[in-house]
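Worksheet: the structure to be examined is printed underneath.
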Amino acid sequence: MMRGLAFAVVAAAVAAGLTAAVYGASAGVTTLLILVALGCATVLAAHAILGARSRIGGLRRQFALLAAVAAAQLAIAVGVFVELMFVSAHDAFFTVIVAAFAGALALWTGRLLGRRALADVDAVRRTLAAVGQGRRDVATELAGQDELARLGADVDAMVARLASEERARRGLIASVSHDLRTPLTSLRLLVDAIDDDLVTDPATRRDYLRRISTNVHALSSLIEDLFELSRLEAGDIRWSMEHVMLGELVQETIEAMRPHAEAGAVAVRAELAPRLAATRANPEQIQRVLFNLIQNAIRHTPADGSVVVRAAPATEDAIEVEIADTGPGIAGDDRERVFEPFFQGGGDGARPDAGAGLGLAISRAIIEAHGGRIWLADAERGTCVRFRLPTTAA
Ligand SMILES: Nc1ncnc2c1ncn2[C@@H]1O[C@H](COP(=O)(O)OP(=O)(O)OP(=O)(O)O)[C@@H](O)[C@H]1O
Ligand SMILES: [Mg+2]
């Protein structure tokens, strides 16, 4: 309010100065007194209206009251000046006419703009109310460049995002239910068979128990992965971070997976740049990423193919690891989606060694939680997944 009053006084002083320059000091002083009084009264009235906004009601009423204050001060100013300063009735008449005309036009244009703005505000409100009631197929559809249009665009983007997140969640629940049902159904059949004494000879019995164990294993690792993924996505991370030498971690993981690779006649080797800087990471989690990526590569590489894991500095403060295989590669349409939870491309779900489609989603969550990035790189042959981690120097 003080700034409003100061503005009124300064504006009055400028007007008074101009008057004094043209009509002399006495006219200047009179102008100053009238305009300071009027200006301060207008500012006080405007503040009183704004202070009582919640009692006055909608924006339309607030606009109207403020416009009425502005019009009243114009009318009073014209009236006082006509009374005190004009000599000729002719001048006074035309001044009143012009001032009234200008005031009316200003009110009309203000109302026009106000109506547009309020219609936009209504559109935003209606959209938000519909979203609150659960609808996701709505949009404000405000066009233009002004603040309200930008507000509308933000609201539309939010609604679109909500809709896609809900779709993803529904898809996730459907996938989880499906993936839980398959092993559970097998388990039920196996257990029923044993329970009904259908299995009598010890060899079959052992076989059934082995299959039960496999299914229980699949179930618990699926639930473990899901739990891990939801924790990662919620940002609930309780790892200790250490200095990790990525080269050693790669070597270790490859050695651990060698039997698995040899079973499929796939050659696995590492190509490590000398003197790799350390990264700050949790070694178990990064090993898990390496394991997922190398497992995928081995799984998709036919006999006599090869998998190469390379690690090299990417920039001064980042290390890049690449897992390249000589398998069939990933088709264009799937490339965007392989990092989504439960995505399995190219009929993978039907493979006997198929997983749940969580490996890459978990790997991405882990790498991003370390401040890194993971992506599918272009490759002439096979698949090439790369990830980048900041070094301790970064
Ligand atoms: N090296 C690869 N070559 C070809 N396709 C791949 C490769 N890696 C991943 N994919 C494709 O991406 C899909 C998703 O991989 P992801 O690791 O997330 O799941 P998964 O391996 O099917 O199951 P999980 O990892 O949970 O055991 C795979 O089903 C497969 O279609
Ligand atoms: Mg996998």
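Over the C-alpha trace of the chain, radius of gyration and Dmax come out as 37.6, 126 angstrom.
Using Cα pairs closer than 8 Å and at least 6 residues apart in sequence, work out the relative contact order for the chain, in percent. Walk me through the intermediate numbers first.
Values: 448 pairs, mean separation 37.9, N = 394.
Computed value for the chain: 10 percent relative contact order.
Heavy-atom accessible surface of E166, to the nearest 10 Å², is about 50 Å², with a 1.4 Å probe and all protein chains retained.
Accessible surface of region 242-390, 1.4 Å probe: 47 percent of it comes from carbon and sulfur atoms. Amide H contacts under 5 Å for V268: V307, restricted to partners 5 or more places along the chain or on a different chain, H placed in the peptide plane at 1.01 Å from N.
For H300, H90, H370, give the ranking by accessible area with the largest first, probe 1.4 Å.
Numbers: H300 55, H90 120, H370 15 Å².
The most accessible residue leads, giving H90, H300, H370.
Counting only alpha carbon atoms, the long axis of helix 359-369 and the longest principal axis of the chain meet at about 50°.
For the pair region 324-345 / region 55-83, the C-alpha centres are spaced 68 Å from each other. If you plug each phi of region 155-170 into the Karplus form 6.51 cos²θ - 1.76 cosθ + 1.60 with θ = phi - 60°, what whole-Hz ³J(HN,Hα) values come out, in order, with x for Gly and Pro? Using θ = phi - 60°, the values come out as 5, 4, 5, 5, 5, 4, 5, 4, 4, 6, 5, 5, 4, 4, 5, 5 Hz.
Remark: region 300-316, residue by residue, has Karplus-estimated 3J(HN,Hα) of 9, 9, x, 3, 6, x, 9, 10, 10, 10, 10, 9, 7, x, 9, 9, 5 Hz, where x stands for each Gly or Pro and the curve is 6.51 cos²θ - 1.76 cosθ + 1.60 at θ = phi - 60°.
Separation of region 217-273 and region 121-152, taken as the distance between their Cα centroids, equals 45 angstrom. Which shape class, rounded, prolate or oblate, goes with region 147-233 when its Cα gyration tensor gives a ≥ b ≥ c as root eigenvalues, a/c under 1.5 marks rounded, and past that a/b bigger than b/c marks prolate? In terms of gyration-tensor shape, prolate. Between I212 and A267, the FRET efficiency estimated from the beta carbon spacing at R0 = 35 angstrom works out to 0.50.
With the simple spin-label model, which puts each label point 7 Å out from Cα in the Cβ direction, the I76 to A52 separation comes to 1.5 nm.
Only DSSP H runs of four or more residues enter the estimate; each adds -39500 (n - 2.57), and after division by the residues of the chain the mean residue ellipticity at 222 nm equals -23000 deg cm²/dmol. For region 27-156, the fraction of C-alpha pairs farther apart than 18 angstrom is 68 percent.
Could you give the size of the charge dipole of the chain about its Cα centre, using +1 on the Cβ of each K and R and -1 on the Cβ of each D and E, expressed in debye and rounded to the nearest 20?
In debye, rounded to 20, the chain gives about 1740.
Taking L44, L232 and ordering them by how much accessible surface each has at a 1.4 Å probe, largest first, produces L44, L232.
Sequentially through region 372-385, phi angles give Karplus couplings (6.51, -1.76, 1.60; θ = phi - 60°) of x, 8, 9, 7, 8, 8, 5, 9, 5, 9, x, 10, 9, 9 Hz, Gly and Pro residues having no value and appearing as x. Between the beta carbons of L66 and L162, assuming R0 = 30 Å, the FRET efficiency works out to 0.25 to the nearest 0.05.
So what is the accessible area of the chain per residue, in Å², with the probe set to 1.4 Å?
That works out to 61 Å² per residue.
Top to bottom by accessible area (1.4 Å), largest first, where do D304, D179 land?
Working: D304 140, D179 40 Å².
If we order D304, D179 from most to least accessible, we get D304, D179.
Annotation: amide H-H contacts under 5 Å for A314 (H modelled 1.01 Å from N, sequence separation of 5 or more, or interchain): I319, E320.
The values are calculated or read from the model by the stated rules, or taken from the named source; none is laboratory data. Given the structure is predicted, the values throughout are model-derived calculations rather than measurements. Cβ sites come from the backbone with ideal geometry, for glycine too, and all protein chains shown count toward neighbours. Remember, those area values only see protein heavy atoms, side chains included, never the ligands or the DNA or RNA. Shrake-Rupley method; radii C 1.70, N 1.55, O 1.52, S 1.80 Å.
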